[in-house]
Amino acid sequence: MERALGPLDLRTNRATLIGAEPGALLAGATILLALHERGVPMHLAIACDDPLAAPLAKALADRGLPSEITRADTLDGAIVIGGARLLDDARAASAARIALVGLGAEACEGIDPARTHARLAALLAEGALVDRTPLFPLDALCRTWLELVEDVHHALGPAAQRPIVDAIRAALFGRCGSIAVNLAARERPAQVSLETATIVWIDPSRARR
């Protein structure tokens, strides 16, 4: 994470974290927790209607963490968090960093994970893939994240859960393969792997248009 975010000089500039799809801000809340540990001021936002945002804000506030979540009009200069569909989102070209989370959950939306892997390999060759952050379930940061997920899910109920979140949780619990991680993934399971428990960082300024 330091390799990805260090050049952004976040100690003197407030970080803006934007969830680009429903559930993305919760799925990437480990980034929020890591930045908070480092004393980095931040602004949280969503770029879409996200039913998980309100219960996430409450769960964060209950822990004394940054909790106000606003609606973003632009992704300019932000750390944009989302799944594999972000690779096709033209708006993300103006972001400071793209943080891909929950890789493999895109299979629940009919997106072939093999295509995602090919895109990431191309970004690596271009120099645009700048870091990979593995998540470890026994780390305090991941334990806090799992607690946040439990609180949000308890507030919403199972029907509102998002595969991008539950695929990460499944990976942290040691699951692997084609898995129906929640009700939304029953017909099109997520493809859970070690990559699902990894944050992949992209510098969009280095990516070929």
Residue that is assigned to a helix (DSSP H, G or I), in contact (Cβ under 8 Å) with a residue 60 or more places away in the chain and in contact with a helix residue (DSSP H, G or I) (Cβ under 6 Å, 6 or more places away or on another chain), where the choices are PRO55, PRO51: PRO55
Subset of segment 76-120 [within 21 Å of ALA190 (Cβ to Cβ), out of contact with any strand residue (DSSP E or B) (no Cβ under 8 Å at 6 or more places or on another chain) and among the hydrophobic types (A, V, I, L, M, F, W, C)]: ILE111, ALA114, ALA118
Residues of segment 139-152 classified as within 14 Å of LEU25 (Cα to Cα) and either part of a loop (DSSP other than H, G, I, E, B) or free of Cβ contacts under 8 Å to residues at least 40 places away in the same chain (or both), total: 1
Exclusive hit being more than 17 Å from the chain's Cα centre (by Cα), at pLDDT 95 or above and of a type outside the set (Lys, Arg), set ASP139, ASP166: ASP139
Residue match in segment 39-47 (condition: closer than 25 Å to GLU195 by Cα, assigned to a helix (DSSP H, G or I) and open to solvent by less than 30 Å² (accessible area, probe 1.4 Å)): no
Every residue from segment 68-93 that is open to solvent by 50 Å² or more (accessible area, probe 1.4 Å) and part of a helix (DSSP H, G or I): ARG85, ASP88, ALA90, ARG91
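The values are calculated or read from the model by the stated rules, or taken from the named source; none is laboratory data. Note that this is a predicted model, so its numbers are computed, not measured. As a convention, Cβ positions derive from the backbone with ideal geometry for all residues, glycine included, and neighbour counts pool all protein chains shown. With ligands, DNA and RNA removed, areas are computed over all heavy atoms of the protein, side chains included. Shrake-Rupley method; radii C 1.70, N 1.55, O 1.52, S 1.80 Å.
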